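The values are calculated or read from the model by the stated rules, or taken from the named source; none is laboratory data. Please read all numbers here as calculations on a predicted model, not as lab measurements. Methodologically, a virtual Cβ is constructed for each residue, glycine included, from the backbone with ideal geometry; neighbour enumeration extends over all protein chains shown. Ligands, DNA and RNA are excluded from the accessible area calculation, which covers all protein heavy atoms including side chains. Shrake-Rupley method; radii C 1.70, N 1.55, O 1.52, S 1.80 Å.
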Amino acid sequence: MSADPTPVPQPTRPEGSLTGTRRRKPGTHPAAKGAETRRGMVRRARRVNRTLAVAYPDAHCELDFRDPYELTVATILSAQCTDVRVNMVTPRLFAAFPDPVALAGADVAVVEEIIRSTGFYRAKAANIIGFAQGVVERFDGEVPRSLEALTSLPGVGRKTANVVLGNAFGVPGLTVDTHFGRLVRRLGFTAEEDPVRVEREMMEIIERREWTWFSHRIIFHGRRVCHSRRAACGACFLAADCPSYGLAGPAEPETAEKLIKSPDRGHLLAMAGLGDEQREDVTA
């Protein structure tokens, strides 16, 4: 099933070559020493966003969906599960239950069997059925378009609501998942661990019109380069703007290159300034 969300206008993207490839010694960034001003952090955050926009011009929600209903259900299922796995499950789920009315009256055992491979399937089945029932009973079968209304439904937290608002309705929102939280802390934009507090702090430093796209770009980078345990610092084009450069992972390009496991690998390495000879030496 191919994604076909309600069109959302793309922000204007910077032109020209990617910036931010200059290297620093690990731990020498001003932000790492507590010397950065608030204004400097805001400027750096927005520069990071512009750099990511060049690196990931096609950053998008990686869940397959056709309408707000499908996106909400898919996002609920994505908790503690990869988008790839969710996309394998949802075609069968939506074929059986194509709208909130159908899912609201579903046999929970049938739903559990379909979504079993996403993990925590009993809780997720209860949540998506409860969500559908709430939509039918309280919103005439239409997924609501406000954060307050969405988060009043079973299984829908702020993260899920922001995903739906930003990608189905074009309402800017920050999606604070594990990748987002990890990266904005490494980048020194917040020290908060609580997702709601992270969201509030980032709302103050990233322009509102960019919230949804910044979320996609950060998440793309977290999945492709800035991994949780061994970040590919040596191949990262955000090196000049990252106070964690060389501290979150190997700073050597050759080692970092081997850690990038995605179709975008060659593209990212080229932007990081690594030569063809280095890239050819690495096995998939």
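Compute the FRET efficiency between Arg208 and Glu113 as 1/(1 + (r/R0)^6), taking r as their Cβ-Cβ distance and R0 = 51 Å, and round to the nearest 0.05. Show your work: numbers first, answer last.
Working: r = 42 Å, r/R0 = 0.82.
The computed FRET efficiency comes out at 0.75.
What translational diffusion coefficient, in µm²/s and rounded to a whole number, does the Stokes-Einstein relation yield for segment 98-155 at 25 °C and a viscosity of 0.890 mPa s, taking the hydrodynamic radius as the Kirkwood radius over Cα pairs?
Details: Rh = 11.6 Å.
D, rounded to a whole number, is 212 µm²/s.
What the phi angles of segment 43-48 give under the Karplus curve with 6.51, -1.76 and 1.60, with θ = phi - 60°, is a coupling list of 4, 5, 4, 6, 5, 4 Hz, glycine and proline written as x.
Ignoring ligands, DNA and RNA, what percent of the 1.4 Å accessible area of segment 205-264 is carbon and sulfur? The partial results should precede the final answer.
Details: 1140 of 2220 Å².
Reported share for carbon and sulfur atoms: 51 percent.
The distance between label points at Asp58 and Arg92 comes to 2.9 nm (points 7 Å beyond Cα on the Cα→Cβ vector). The packing ranking of peptides 212-222, 238-248, 113-123, highest mean first, is 212-222, 238-248, 113-123, where packing means the average number of other beta carbon atoms within 10 angstrom of each residue.
The Cα-based radius of gyration and maximum Cα-Cα distance (Dmax) for segment 138-234 are 14.4, 52 Å.
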